[in-house]
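Q: Mind having a look at this structure? Questions to follow.
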Amino acid sequence: MGVHLVGGGFGRTAFAPFTADVRATAPDDETPVVVVVTVRENGGTGHARDLVEAITADGAAAFDIRLVAVAEDDVVDPAVFDGVHAIVIGGGRTPAYHAALEASFDRIRAAVAGGTPYLGFSAGAMIAAERAILGGRLIGGVPVAPEGVSQRLDELTIAPGIGLVDVSVDVHVAQWGALSRLIAATEAGAVDGGVGLDESTTLIAGPDGLRIAGEGSVWRVSPGEDGVVVSSDRSAL
């Protein structure tokens, strides 16, 4: 089973490996239970239902979906992650997801260590890291990324995340220009490198190593002797 980090977007090929993981997780005589958590400004379920449609698009309608949609100033009850076969954490404002789920980090980490598949979409991918990028467009007052990726934060903000992967994660990188933030954060030593995910693209960390699914690229950023090193990989569709 694996950790599926989606850079945003709803291209079906990005979600198919997670759907397969969910099917493989539940015992043959049980319907897979999937908890889908979203943290949105109004606590609405629209985004959650988009995620459900994405993970069930190939006919996996037999999943038992448990929607947990909370407002940005709410906290998710850690008990919602008990007894489930898979976890989906959605997108929105990354700082709000971090605050709402921080009390559940230990519970989520233990579930994933026990074989529960995790899908983090956008914000859900960013907080999966040990050192999570929460937002910001400035480092030392100097602009390093477009205002649209700031998450309403000025300075680059890093916080302890769930700890499912040991590299920092940024998302929507080709679409929103967020790759420059990851590069600058690495150059400044704020993070020890990381991965940037395009939309409709998934980085999967599983027992057999890393693989990529979906339509775009995964950008790898790492510190080097002469500066920051950037490379990219694409899925073999």
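Q: Of the residues in the range 206-222, how many are over 25 Å from THR25 (Cβ atoms) and loosely packed, with under 14 Cβ neighbours inside 10 Å? Write out each step before concluding.
A: Initial filter on the range 206-222 (over 25 Å from THR25 (Cβ atoms)): 215-217, 219-222.
Those left that are additionally loosely packed, with under 14 Cβ neighbours inside 10 Å: none.
Final tally of qualifying residues: 0.
Q: Run ARG49 past the list (1) closer than 24 Å to GLY9 by Cβ; (2) of a type outside the set (Phe, Trp, Tyr); (3) at pLDDT 95 or above and report the number of the one that doesn't hold.
A: (3)
Q: Scan the range 89-113 for residues that are crowded, with 21+ Cβ neighbours inside 10 Å and either modelled with pLDDT under 95 or aromatic (Phe, Trp, Tyr) (or both) and report the count.
A: Of the residues in that region, 1 qualify.
Q: Give the residue, chosen from ALA20, ALA69, ALA62, ALA14, that is over 19 Å from the mean Cα position of the chain (by Cα) and hydrophobic (A, V, I, L, M, F, W, C).
A: Values: ALA20 fails: over 19 Å from the mean Cα position of the chain (by Cα); ALA69 fails: over 19 Å from the mean Cα position of the chain (by Cα); ALA14 fails: over 19 Å from the mean Cα position of the chain (by Cα).
Selected residue: ALA62, the only one of ALA20, ALA69, ALA62, ALA14 that is over 19 Å from the mean Cα position of the chain (by Cα) and hydrophobic (A, V, I, L, M, F, W, C).
Q: Report whether or not THR116 is buried (at least 18 other Cβ atoms within 10 Å of the Cβ) and within 30 Å of ALA26 (Cβ to Cβ).
A: Details: buried (at least 18 other Cβ atoms within 10 Å of the Cβ): yes; within 30 Å of ALA26 (Cβ to Cβ): yes.
Yes, satisfied.
Q: Residue by residue through the range 189-213, note down the ones that are within 16 Å of GLN175 (Cβ to Cβ) and touching a Pro at 6+ places or on another chain (Cβ under 9 Å).
A: THR202
Q: For the range 91-119, how many residues are touching a Phe, Trp or Tyr at 6+ places or on another chain (Cβ under 7 Å) and not in a helix (DSSP H, G or I)?
A: Applying the first criterion (touching a Phe, Trp or Tyr at 6+ places or on another chain (Cβ under 7 Å)) to the range 91-119 yields 91, 104, 107-108, 111-112, 117, 119.
With not in a helix (DSSP H, G or I) added as a condition, the list becomes 91, 117, 119.
Residues flagged as touching a Phe, Trp or Tyr at 6+ places or on another chain (Cβ under 7 Å) and not in a helix (DSSP H, G or I) within the range 91-119 amount to 3.
Q: Taking the options PHE18, PHE10, name whichever one is over 20 Å from PHE105 (Cα atoms), in a loop (DSSP other than H, G, I, E, B) and aromatic (Phe, Trp, Tyr).
A: On the way: PHE18 fails: in a loop (DSSP other than H, G, I, E, B).
Of PHE18, PHE10, the one residue that is over 20 Å from PHE105 (Cα atoms), in a loop (DSSP other than H, G, I, E, B) and aromatic (Phe, Trp, Tyr) is PHE10.
Q: Something else: Output the strands (runs of 3 or more DSSP E) that fall wholly within the range 186-237 and possess 1 or more residues being closer than 13 Å to VAL165 by Cβ and hydroxyl-bearing (Ser, Thr, Tyr), or say none. Quick ask: steps written out before the conclusion?
A: Details: elements: 194-197, 201-206, 209-214, 217-224, 227-234.
Of the strands (runs of 3 or more DSSP E) lying wholly inside the range 186-237, those with at least 1 residues that are closer than 13 Å to VAL165 by Cβ and hydroxyl-bearing (Ser, Thr, Tyr) span 201-206.
Q: Another question, if that's okay. Which members of the range 120-167 meet the condition of being among the hydroxyl-bearing types (Ser, Thr, Tyr) and either under 19 Å from PHE81 (Cα atoms) or not in a strand (DSSP E or B) (or both)? Give the steps one after another, and end with the answer.
A: In the first step, residues of the range 120-167 are kept if they are among the hydroxyl-bearing types (Ser, Thr, Tyr); the result is 122, 150, 157.
Result: SER122, SER150.
Q: Filter the range 142-155 down to residues that are among the hydrophobic types (A, V, I, L, M, F, W, C) and over 14 Å from LEU179 (Cβ atoms) and give me whichever is surrounded by the fewest Cβ atoms within 10 Å (Cβ to Cβ). Before you say what the answer is, go through the steps one by one.
A: First pass over the range 142-155, keeping only residues among the hydrophobic types (A, V, I, L, M, F, W, C): 142, 144-145, 149, 153.
Restricting the remaining residues to those that are over 14 Å from LEU179 (Cβ atoms) gives 142, 153.
Values: VAL142: 9, LEU153: 16.
Filtering first and then ranking leaves VAL142.
Q: Being of a type in the set (A, V, I, L, M), part of a loop (DSSP other than H, G, I, E, B) and surrounded by 12 or more Cβ atoms within 10 Å (Cβ to Cβ) is the filter here; which residues of the range 30-87 pass it?
A: Let us first name the residues in the range 30-87 that are of a type in the set (A, V, I, L, M), namely 33-37, 39, 48, 51-52, 54-55, 57, 60-62, 65, 67-71, 75-76, 79-80, 84, 86-87.
If we keep only those that are part of a loop (DSSP other than H, G, I, E, B) too, we end up with 57, 60-62, 75-76, 84.
Once the filter is applied, which keeps residues that are of a type in the set (A, V, I, L, M), part of a loop (DSSP other than H, G, I, E, B) and surrounded by 12 or more Cβ atoms within 10 Å (Cβ to Cβ), the range 30-87 yields ALA57, ALA60, VAL75, VAL76, VAL84.
Q: Output the residue which, of all residues in the range 182-205 that are under 18 Å from the mean Cα position of the chain (by Cα) and of a type in the set (S, T, N, Q), is surrounded by the most Cβ atoms within 10 Å (Cβ to Cβ).
A: Within the range 182-205, the match that is surrounded by the most Cβ atoms within 10 Å (Cβ to Cβ) is THR202.
Q: Same structure, new question: Output the number of residues of the range 1-46 satisfying the condition of being basic (Lys, Arg) and either modelled with pLDDT of 95 or more or in contact with a Lys or Arg (Cβ under 9 Å, 6 or more places away or on another chain) (or both).
A: Applying the first criterion (basic (Lys, Arg)) to the range 1-46 yields 12, 23, 40.
Those left that are additionally either modelled with pLDDT of 95 or more or in contact with a Lys or Arg (Cβ under 9 Å, 6 or more places away or on another chain) (or both): 40.
The total comes to 1.
Q: May I ask you to verify whether ALA71 is of a type in the set (Gly, Ala, Ser) and touching a strand residue (DSSP E or B) at 6+ places or on another chain (Cβ under 6 Å)? I'd like the intermediate steps shown before the answer.
A: Values: of a type in the set (Gly, Ala, Ser): yes; touching a strand residue (DSSP E or B) at 6+ places or on another chain (Cβ under 6 Å): no.
Answer is no for this residue.
Q: Could you tell me how many of the residues in the range 68-107 are in contact (Cβ under 8 Å) with a residue 40 or more places away in the chain and of a type in the set (D, E, K, R)?
A: Restricting attention to the range 68-107, the residues satisfying the condition of being in contact (Cβ under 8 Å) with a residue 40 or more places away in the chain are 80-81, 83-98, 100-101, 105.
So of that shortlist, the ones also of a type in the set (D, E, K, R) come out as 93.
Within the range 68-107, residues that are in contact (Cβ under 8 Å) with a residue 40 or more places away in the chain and of a type in the set (D, E, K, R) number 1.
The values are calculated or read from the model by the stated rules, or taken from the named source; none is laboratory data. Since this is a predicted model, take the numbers as computed values, not measurements. Don't worry about glycine lacking a Cβ; one is built from the backbone with ideal geometry, like all the others, and counts go over all protein chains shown.
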